[in-house]
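Just below is one structure, and these are the notes that go with it.
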Amino acid sequence: MTTFWSQLVEQIHATSWAEAIGAITALISVWLCLTAQLNTWIWGIVSVIAYGVFYWQSRYYANAWLQIAYYLPISFYGWWAWLRQGPKHQNDLPVRNLKGGVHALYWLATLPLSALIVYYLMRTDDVSALWDGVTTGLSIVAQYMQTRKWLPNWYMWVVADAIYVALLSSQHHYLTAIVNAVFTIMCVRGYREWVKLMHEGKAHG
């Protein structure tokens, strides 16, 4: 335990600008997403760029590419979708649930996607090809579901963030691991808040 805290203090002192900005803006983005606030995408875009740099420097190549090649463009799409794809095209996209069969298909889609990413990463010096690939596959699907305001996106984020905590902790990236642990808890609240919005027929809190 003493080693953990001493390493955490050392990491805080040695935290790069990319990791610090990524963590702070990601927390703000997720907090706003809990009640489906449109500005979640603005903060998310800043976080994506910062974390792209951090993951590349840490040799989590799949997650680095995930930030820049996927999260960045889909964040702009999510911003537009929430703003313009509701019934009145005025930031009124409703929260919706998915039928069990459709929900299951999205989980199944993560399997070949993750396997393909892992296959590629095993040919690089990625520090954890398996779990880097799995979290990347889960995150790709979860982020798309979030752009559509589909309620089950929170389930997938809980799983992905929990794996991120273990993965980052194993490499002694305790600060970012703690941030992802907070994300996991926030996802549970996010699910509850979106259920409330869905039942009340509101697009956002």
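Every number here is computed from the coordinates shown, using simple stated rules; none is lab data. Every value quoted in this text rests on a predicted model; they were computed, and no experiment measured them. For neighbour counting, all protein chains shown are included, and Cβ atoms are generated from backbone atoms with ideal geometry for every residue, glycine included.
The range 101-205: Rg/Rh from Cα coordinates, Kirkwood Rh?
Value, to two decimals: 1.03.
For the range 8-200, what's the relative contact order in percent, using C-alpha pairs closer than 8 Å and at least 6 residues apart?
Averaging sequence separation for qualifying contacts and normalising by length gives 23 percent for the range 8-200.
Specify the angular offset, from 0 to 90 degrees and rounded to the nearest 10, of the alpha carbon long axis of helix 72-84 from the longest principal axis of the alpha carbons in the chain.
20
Taking the Cα-to-Cβ direction at PHE76 and at GLU10 and moving 7 Å from each Cα, how far apart do the two end points lie in nm?
So the label points at PHE76 and GLU10 sit 4.1 nm apart.
Angle check, please: helix 129-147 long axis (alpha carbons) against the longest principal axis of the chain (alpha carbons), in degrees 0 to 90, nearest 10.
For helix 129-147, the angle is close to 20 degrees.
According to a simple spin-label model (label point 7 Å from Cα along Cα-to-Cβ), what is the distance in nm between ASP125 and ILE68?
Spacing of the two 7 Å Cα→Cβ label points: 1.8 nm.
Determine the relative contact order of the range 116-180: mean sequence separation of Cα pairs under 8 Å and six or more apart, normalised by residue count, in whole percent.
Answer for the range 116-180 is 24 percent.
Consider a paramagnetic label point 7 Å from the Cα of LYS88 along Cα→Cβ; state which residues of the range 178-205 have an amide N under 19 Å from it.
197-205
Could you work out, for the range 8-200, what percent of all Cα-Cα pairs fall into each 10 Å distance bin, beginning at 0 Å and stopping at the bin that holds the largest distance?
9, 37, 37, 14, 2, 0
Pull out the extension gain between LEU105 and SER169, defined as 0.36 nm times the separation in residues minus the alpha carbon to alpha carbon distance; nm, one decimal.
Stretched out fully, the LEU105 to SER169 stretch lengthens by 20.0 nm.
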